[in-house]
Each structure stands twice: as structure tokens, then as C-alpha cells.
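**Student:** Handing you this structure, nothing more for now.
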């Protein structure tokens, strides 16, 4: 028998919004440093230095956990498929804008399967599997494990043609690659679907036995993060053009 949700059907939950807002702030600091590097104000290797690559991985992980929690709680609140597809279309539209904008700035390494592209695909997978609740913890672990051992197993099997196919632009979105594609942002299905499933599992728990955590008042200090988290998609699209524009203006003034 399906567990009845204990959360209000039309409420927003400031705790999850604040967590999403924290991810936005962290992302903004990361991107600002990246932009400073691009304009020559810093000298850092954002593609190889573990200090930066680990931050990027943690930021993406936090985004996906929040997206998974949000989707699971939306289902618990009775969100129908028509509302899901409306929100999904917004994510896809934003992903296409990111692709177009990155192509203008980085035509040789534009973003064709970044975090928004990955979220769009993973949201469908999660929506179809979210009723499995606690099993999502195991599915998440399986997705991460498959990424860790899948390529090694394929290499051991001696199928170079298959590896070449998986590395191709038509299939590298799966994540079973031996050569990372040249792109400014890359969030494939594996292992990141595992984080989305874990977020979904956490959201299912919060919608039931953990509902008390969602209804606790948020300390005033974190209210601004909650507000930012409610506008995460719009903020995501706008923050980089604003920062890049400001740095370009600064460079022009300094001439």
C-alpha cells in the first residue's frame, strides 16, 4: 500500500529552497572565479586542479540532490503530469539557451549536455521511478557503481568498437566514456543519475516520516537563501551574463 504523504499539498518548503539557494551562491562564487580566470585576473586551472574540479562536482551534486528532493515532494503533493511537463519544458528551454549562449562564447567547446540538459533527462527517469521510494537509495548506488566499474569492464571485455561508440557525441551523454568530451560543462546520465535518485529517496522520506523537518521554521539568517532558491532557474540563466558583462565593462573602463 502506498504511504500517504504527511506534507501540505500546496506548500513550499523553505528548508529545501534554502539548500538550493546555497547551491546557487556557491555556484556564483565558482563561476565568478572562473570568469576572472578567463579575463586574466586569476591564473588557475579549472579543468585539472582538484581544488576547483572537486568544488564543481560538489556543486552539481547539491543541485541534483535538491532537484530529486523537489520532484519527489511534488509527486507526494499530487503534482500531475501536465504540471510536470510545463516545468520540464522550462528546464529544456533554459538548457537550449545555455547551449546557444555557450556556442557564441566557446564555439569549440560549447555546452551540449550540461547540468540543465542532464536534469531534464533525469527528471523524467525519476518521475517514472519515484514511487519506488526506499529502493531509490539502492538504484542511486547502482548508478554510481556502474559508472565506476562499467568502463573498466568494457575495456577488459576487449570491445574497442563499443568504447569508441560510447565516446561518440551521440552516446557520450550516457557517461560510459574513456575520453572526456571537449565541452565547458558535462553532466552525463552516469554517475549523476545516482545523485538524483538519492535526492528522490530523501524527498520520499521527507514527504512521509521526515515531514516534521520540512515544517520547522527557517532561521531568519537563511531566509534570503530560500528566496533565491525559489528563483533558481531564472537566476541560473542570468548570473553569468551579468558577471561577464560587468567584467567586460570593467576591462573597457580600465583601458
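**Student:** Every residue in region 107-128 that is loosely packed, with under 15 Cβ neighbours inside 10 Å, assigned to a helix (DSSP H, G or I) and in contact (Cβ under 8 Å) with a residue 12 or more places away in the chain, please.
**Tutor:** Matches in region 107-128: 124 only.
**Student:** Could you check region 169-182 and list, in sequence order, the residues that are touching a helix residue (DSSP H, G or I) at 6+ places or on another chain (Cβ under 9 Å) and surrounded by fewer than 18 Cβ atoms within 10 Å (Cβ to Cβ)?
**Tutor:** 171, 174, 178, 179, 180, 181
**Student:** Touching a helix residue (DSSP H, G or I) at 6+ places or on another chain (Cβ under 7 Å), at negative phi, free of Cβ contacts under 8 Å to residues at least 24 places away in the same chain and in a helix (DSSP H, G or I), is that true of residue 190?
**Tutor:** Working: touching a helix residue (DSSP H, G or I) at 6+ places or on another chain (Cβ under 7 Å): yes; at negative phi: yes; free of Cβ contacts under 8 Å to residues at least 24 places away in the same chain: no; in a helix (DSSP H, G or I): yes.
In short, no.
**Student:** Which residues, taken from region 58-76, are without any contact (Cβ under 8 Å) to a residue 40 or more places away in the chain and more than 17 Å from residue 117 (Cβ to Cβ)? Spell out the reasoning first.
**Tutor:** Keep residues of region 58-76 that are without any contact (Cβ under 8 Å) to a residue 40 or more places away in the chain, which gives 58-59, 74.
Matches in region 58-76: 58, 74.
**Student:** Quickly run through region 203-214 and pick out the residues that are in contact with a helix residue (DSSP H, G or I) (Cβ under 9 Å, 6 or more places away or on another chain) and either under 9 Å from residue 136 (Cα atoms) or not in a helix (DSSP H, G or I) (or both).
**Tutor:** Across region 203-214, the qualifying residues are 208, 210.
**Student:** Can I ask one more? Is it true that some residue in region 136-157 is at pLDDT 95 or above, closer than 30 Å to residue 239 by Cβ and touching a strand residue (DSSP E or B) at 6+ places or on another chain (Cβ under 9 Å)?
**Tutor:** Among the residues of region 136-157, not one is at pLDDT 95 or above, closer than 30 Å to residue 239 by Cβ and touching a strand residue (DSSP E or B) at 6+ places or on another chain (Cβ under 9 Å), which makes the answer no.
**Student:** Can you confirm whether residue 182 is in contact (Cβ under 8 Å) with a residue 40 or more places away in the chain and outside any helix (DSSP H, G or I)?
**Tutor:** Values: in contact (Cβ under 8 Å) with a residue 40 or more places away in the chain: yes; outside any helix (DSSP H, G or I): yes.
It is true that residue 182 is in contact (Cβ under 8 Å) with a residue 40 or more places away in the chain and outside any helix (DSSP H, G or I).
**Student:** I'm trying to understand the selection: among the residues of region 26-42, which are touching a helix residue (DSSP H, G or I) at 6+ places or on another chain (Cβ under 7 Å) and surrounded by 15 or more Cβ atoms within 10 Å (Cβ to Cβ)? Give the steps one after another, and end with the answer.
**Tutor:** Start the filter on region 26-42 by keeping residues that are touching a helix residue (DSSP H, G or I) at 6+ places or on another chain (Cβ under 7 Å), which leaves 26-28, 30-32, 35, 39, 42.
If the condition is that a residue be touching a helix residue (DSSP H, G or I) at 6+ places or on another chain (Cβ under 7 Å) and surrounded by 15 or more Cβ atoms within 10 Å (Cβ to Cβ), then 26, 27, 28, 30, 31, 32, 35 are the ones that fit.
**Student:** Give all pairs with beta carbons closer than 9 Å in which a residue from region 148-173 that is under 28 Å from residue 111 (Cβ atoms) meets a residue that is at pLDDT below 85 and surrounded by fewer than 17 Cβ atoms within 10 Å (Cβ to Cβ); count only pairs at least 6 apart in sequence or on separate chains.
**Tutor:** Filtered contacts from region 148-173: 162/154; 163/154; 163/155; 166/154.
**Student:** Next question. Kindly evaluate residue 151 against the criterion of being over 30 Å from residue 14 (Cβ atoms) and not in a helix (DSSP H, G or I). Before the answer, list the steps.
**Tutor:** Working: over 30 Å from residue 14 (Cβ atoms): yes; not in a helix (DSSP H, G or I): no.
Judged against the criteria, residue 151 is not a match.
**Student:** Follow-up. Tally time: how many residues in region 201-238 are touching a residue at least 60 places away in the same chain (Cβ under 8 Å) and within 30 Å of residue 100 (Cβ to Cβ)?
**Tutor:** Counting residues in region 201-238 that are touching a residue at least 60 places away in the same chain (Cβ under 8 Å) and within 30 Å of residue 100 (Cβ to Cβ) gives 10.
**Student:** Let me ask something else about it. Between residues in region 28-53 that are part of a loop (DSSP other than H, G, I, E, B) and residues that are exposed (fewer than 11 other Cβ atoms within 10 Å of the Cβ), which pairs lie under 9 Å by C-beta distance while being six or more apart or on different chains?
**Tutor:** Matching pairs, first to second residue: 44/51.
The values are calculated or read from the model by the stated rules, or taken from the named source; none is laboratory data. Being a predicted model, the structure only gives us computed values, none of them experimental. With ideal geometry, Cβ positions are generated from the backbone for all residues, glycine too; neighbour counts draw on all protein chains shown.
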